[in-house]
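Worksheet: one structure, shown below.
The values are calculated or read from the model by the stated rules, or taken from the named source; none is laboratory data. Note that the coordinates shown come from a computational prediction; the quantities given were computed from them, not determined experimentally. Neighbour counts run over all protein chains shown; Cβ positions are idealised from the backbone, glycine included.
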Amino acid sequence: MNNRQVIVITSGKGGVGKTTITANLGAAFANLGKKVCLIDGDLGLKNLDVVLGLENRILYTIMDVVSGRVGASEALVRHKTNRNLYLLPASQIATKEMMTVEDMTKVVTRIKPDFDYIIIDSPAGIESGFRNAVAAADTAVLVTNPEFTAVSDADRVLGLLENTHLGLDNVFFILNKVKESMNEKRGMMKTEEVMKTLSIPMIGMVPDSDEVFIGSNRGVPIAFEPSHDMNKIFTNITRRIMGHNIPVEEDFKLARTTVWKLFLKLFRS
Ligand SMILES: Nc1ncnc2c1ncn2[C@@H]1O[C@H](COP(=O)(O)OP(=O)(O)OP(=O)(O)O)[C@@H](O)[C@H]1O
Ligand SMILES: [Mg+2]
């Protein structure tokens, strides 16, 4: 995976963890010394600012940049403690239709030289917000949960991504909210089934964890805490995006779940 600088985080179904993953990957890249900009592409329903604990620091939004009212550098919010991390916030009063593919591409092109990585958090679904976010990206990370409905919606998005400039070679997936016991009766798919259905590389597996949930709700994503095991999972994902060959089993070891055992079995067979 080379030259993957602008990454869109997307999904079919809502609530699978796009914003959470965006914030934590941003923190993990920043911890590695990379200068990162997170763009909240979820106009109208924005919450990346809250997850990062930056909601009180917003002066301007991406809409002000698009309209030419301010330059991008004036709208960027630098994180309070993680100084490599910046947010380009969305506006709550704007609607997704107020922005075009050209607008998003222009903003991203403008800030690209100033950052090592740009991560765009997109809204759920396949409407204009999705199209805008994807148009500006060179890599897509599809987030899904191990539920039949989420995987089925992810598969539909994959079909759409295949017909964009990204193709399938530039799309990866993260399995989020993985539980210790996943079984069909509870509407859950096994990891290997998800891999088979989506047939694109999995670049990470994130357990369903109270600490991830609490971190996001406190405005301090878990990946801000360097010593935490969950931090290592997000760091592994960022390293894979950077082109390092780190087996996904590493994440399972860290998660120490039953799923880990299942997956090891799969990789050994
Ligand atoms: N790995 C995880 N473990 C526990 N809770 C999680 C995990 N990932 C996300 N969550 C929680 O799930 C909820 C939805 O997450 P999030 O807002 O990131 O999803 P989303 O895909 O961005 O949603 P939307 O489609 O509405 O934008 C949040 O309460 C979040 O804290
Ligand atoms: Mg979101």
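Results for (1) touching a residue at least 60 places away in the same chain (Cβ under 8 Å); (2) touching a Ser or Thr at 6+ places or on another chain (Cβ under 6 Å), shown as yes or no for each residue.
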site: Y60; (1), (2): no, no
site: R69; (1), (2): no, no
site: A72; (1), (2): no, no
site: A75; (1), (2): no, no
site: L85; (1), (2): no, no
site: I93; (1), (2): no, no
site: F115; (1), (2): yes, no
site: A133; (1), (2): yes, yes
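Just name the residue that is nearest to K35 (Cα to Cα) out of those in region 74-88 that are modelled with pLDDT under 95 and not charged (D, E, K, R). Top of the filtered list is N82. When the test is whether a residue is away from ligand 1 (no atom under 16 Å from the Cβ), surrounded by 21 or more Cβ atoms within 10 Å (Cβ to Cβ) and modelled with pLDDT of 80 or more, V171 passes it. Go through region 90-121 and give me each residue that's at pLDDT below 95 and within 20 Å of N24 (Cα to Cα). Matches in region 90-121: A90 only. Within this structure, K46 fails the test of being in contact with a helix residue (DSSP H, G or I) (Cβ under 8 Å, 6 or more places away or on another chain), surrounded by 14 or more Cβ atoms within 10 Å (Cβ to Cβ) and basic (K, R).
Scanning region 212-227 for residues that are modelled with pLDDT of 90 or more and within 15 Å of T81 (Cβ to Cβ) turns up G215, R218, G219, V220, P221, I222, A223, F224. Does K18 qualify as being within 11 Å of ligand 1 (Cβ to nearest atom), surrounded by 18 or more Cβ atoms within 10 Å (Cβ to Cβ), more than 21 Å from V171 (Cα to Cα) and not small (G, A, S)? Here the answer is no, as K18 does not meet what is asked. Being modelled with pLDDT of 90 or more, within 16 Å of ligand 1 (Cβ to nearest atom) and either over 16 Å from the mean Cα position of the chain (by Cα) or within 14 Å of E250 (Cβ to Cβ) (or both) is a description that applies to M205. The selection criterion, being in contact (Cβ under 8 Å) with a residue 12 or more places away in the chain, crowded, with 18+ Cβ neighbours inside 10 Å and within 16 Å of ligand 1 (Cβ to nearest atom), holds for V141. In summary, helices (runs of 4 or more DSSP H) completely within region 7-100 and bearing 2 or more residues that are away from ligand 2 (no atom under 16 Å from the Cβ) occur at 18-31, 62-66, 72-75. Pairs only if they're at least six apart or on different chains, beta carbon under 8 angstrom, first in region 208-234 and on the phi > 0 side of the Ramachandran plot, second more than 8 Å from ligand 1 (Cβ to nearest atom); list them, first residue then second. Close Cβ pairs (under 8 Å, with a partner that is more than 8 Å from ligand 1 (Cβ to nearest atom)) amount to G219/V50; G219/L52; G219/G53; G219/L54; G219/E55. Residues of region 53-65 include at least one that is over 26 Å from D155 (Cβ atoms) and within 14 Å of ligand 1 (Cβ to nearest atom).
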